[in-house]
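Have a look at the structure below, then the notes.
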Amino acid sequence: RFDFRAQDIHLLLDGQATREQILGEIRTHLIAPAQPDDVSLFFYAGHGSWVKNSSSQEADKKDETLVPSDSNRGAADIRDKELAPLFNQVIDRHADLVVLVDSCHSGSIARGFPAAATARSAPPQLTAMVTPLPRVASPESRGALIFSAAQDFQIANEKTIGGQMRGLFTSALQQVLAQTPTGESADATLERVRALMLASGLAQDPVLAGTPERR
């Protein structure tokens, strides 16, 4: 519907989504080919978590993370502080960046569960050593449009929808994008997504980050 060409879409599924592979594909397939006025889209659906970071600029002193498939083999989570400079490189190439993240604690990723649901989360790495990273401007302040499944303190739910286990946020967003006219504002899209998610009865509040013009 949105004219993405099949040859431009790169997927990492399940065990393919290792830390090295995720970061490598961001560089190879998101940053390198980006041209002015392109729409560059990054979508992640999977486990989210957090690590303590005493040097973080955030008030909670935590880095929100994406959990790669090789996390249980000792690979470090991918921290929001690592993603920000990579996303900024897309913006430096004057492409329009859109980021969709369906995972727990994802509300600032660019900076007991209900009985019918499970969660896209993983235990925090409480003993992980966190290397300080240079502070950079947040991608959303530079023009990126970032949709997150939940506030940074919330669980991202998934439940059986149409016989398949789906992320609540992903399912709602897909329904909204299929039904609404192209060109609708991101703010209006977010409100439609939020309404569908609230109707499910699960406590989860999606987040939209971006400049007023981009939204």
(message) How large is the accessible surface of Val98 in square angstrom, using a 1.4 angstrom probe and rounding to the nearest 10?
(response) 30
(request) Excluding residues fewer than 8 places away in the same chain, name every one of the lysines whose C-alpha is closer than 18 Å to that of Lys62. (result) Lys52, Lys81
(message) So the label point goes 7 Å from the Cα of Asp3 along Cα→C-beta, right? Which residues of the stretch 157-193 then have their backbone N under 13 Å from it?
(response) 182-183
(request) Please give the FRET efficiency for Ala195 paired with Leu13, using the beta carbon to beta carbon distance and R0 = 41 Å, rounded to the nearest 0.05. (result) 0.85
(message) If each residue of separation counts as 0.36 nm, what is the full-extension length gain between Val136 and Gln174 once their alpha-carbon separation is subtracted?
(response) 10.5 nm
(message) Once R0 is set to 22 Å, what does the formula 1/(1 + (r/R0)^6) return for the Cβ-Cβ distance between Glu184 and Thr211, expressed as a FRET efficiency to the nearest 0.05?
(response) 0.80
(request) Which order do the peptides 9-15, 35-41, 194-200 take when ranked by the mean count of other beta-carbon atoms within 10 Å per residue, highest first? (result) 194-200, 35-41, 9-15
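The values are calculated or read from the model by the stated rules, or taken from the named source; none is laboratory data. All values reported here derive from a predicted model rather than from experimental measurement. Reconstructed Cβ throughout: ideal geometry from the backbone, glycine too, with neighbour counts over all protein chains shown. These accessible areas exclude ligands, DNA and RNA; they are computed on the full protein's heavy atoms, side chains included. Shrake-Rupley method; radii C 1.70, N 1.55, O 1.52, S 1.80 Å.
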